[in-house]
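A.B. asks: The structure under discussion is supplied below as C-alpha cells; questions concerning it will follow.
The values are calculated or read from the model by the stated rules, or taken from the named source; none is laboratory data. Because the structure is a prediction, the values reported are computed rather than measured. FYI the Cβ positions are ideal-geometry reconstructions off the backbone, even for glycines, and counts take in every protein chain you see. The protein model used for the area step is the full one, side chains on, heavy atoms only, and it has no ligands, DNA or RNA in it. Shrake-Rupley method; radii C 1.70, N 1.55, O 1.52, S 1.80 Å.
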Amino acid sequence: AEQQREIDRLSRFFEVDPFPITFYSFESATDLFRAQGYQQHPLMHVFPTGGKVDEGDNVYSGNDKDIYTHEIVHLFVRKRFDSAPYLLNEGVATLLGGSVEKDYAWHRATMARYLNEHPDLNLFAHINTYEQELIDGETSVPYMIGALLCERILRSHGKAGLLQALGGGADVWKAAEPFGITRENMDAEIRRTAAQPAFAIP
C-alpha cells in the first residue's frame, strides 16, 4: 500500500498514467544478483540493500521489502522521456525516492556536512554515477550531485523546468545550460543549493 501511494505520487509528478509494474523482492543486494546468475557484480557487496529495474517494467528490490521508490522513479523517467542524462536521472531518483532506504533529506544533510568539511573538493571530478564514492558508506556523492542539480533547477524553474532538463537529451551540460548551470559554475551552484534550507519537494 505504501509503494502504491508512492507510485500515485510519481504519476502526478511526471504526469504519466500509472502502469503495471512487477515487483520482485530479495533478501539483500547480494541475494538479488545471485538470483540473476551473477557470481560477481560491481554492486553486489557495496550496499546492504540495493535495487534495479529492467526494460520490462520489472523492479528488483534487494531490501527484503515490498517498496523501492528510487527504482520506481527510473521507470517513470523512462516512460516520460526518450533519453535523460544519467546524472540527472540518478539525481531525480534520489530526490524523489531517496537511496538505500534513507530519504533525500537525510542524504542531503550528510552531503551538506561533507561539503562543509571539504571546501576544496572538486565536484566536477565526481559526477560519474557508476563510481561508488560513498560518504559514511551510504550516501553516494555522484547521486547527490545529481540530486542537488535537480533541486537547484526545481527551485529556480519549478517542476516544468526540471522535466525540461530531464528531457533534454543524454548530455547533462546541454540539458542544464538553459537553467544557468555550466561545467564552470556547477561546483558553486551545488554548494549554494546545499547551504540553503531544506526544500519541500512538490
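A.B. asks: So in segment 54-72, with the set limited to residues that are in contact (Cβ under 8 Å) with a residue 60 or more places away in the chain and not hydroxyl-bearing (Ser, Thr, Tyr), which one is farthest from Ala29 (Cα to Cα)?
C.D. replies: Ile72
A.B. asks: While we're here: Within segment 118-202, considering only helices (runs of 4 or more DSSP H) that don't extend past its boundaries, which have at least 3 residues that are open to solvent by 60 Å² or more (accessible area, probe 1.4 Å) and either without any contact (Cβ under 8 Å) to a residue 24 or more places away in the chain or β-branched (Val, Ile, Thr) (or both)?
C.D. replies: Hits in segment 118-202: 141-166.
A.B. asks: With (1) under 13 Å from Leu163 (Cα atoms); (2) open to solvent by less than 10 Å² (accessible area, probe 1.4 Å) as the list, and Arg78 as the residue in question, which single condition is left unmet?
C.D. replies: (2)
A.B. asks: Kindly establish whether Asp171 is more than 27 Å from His41 (Cβ to Cβ) and either acidic (Asp, Glu) or in contact with a Leu (Cβ under 7 Å, 6 or more places away or on another chain) (or both).
C.D. replies: In short, yes.
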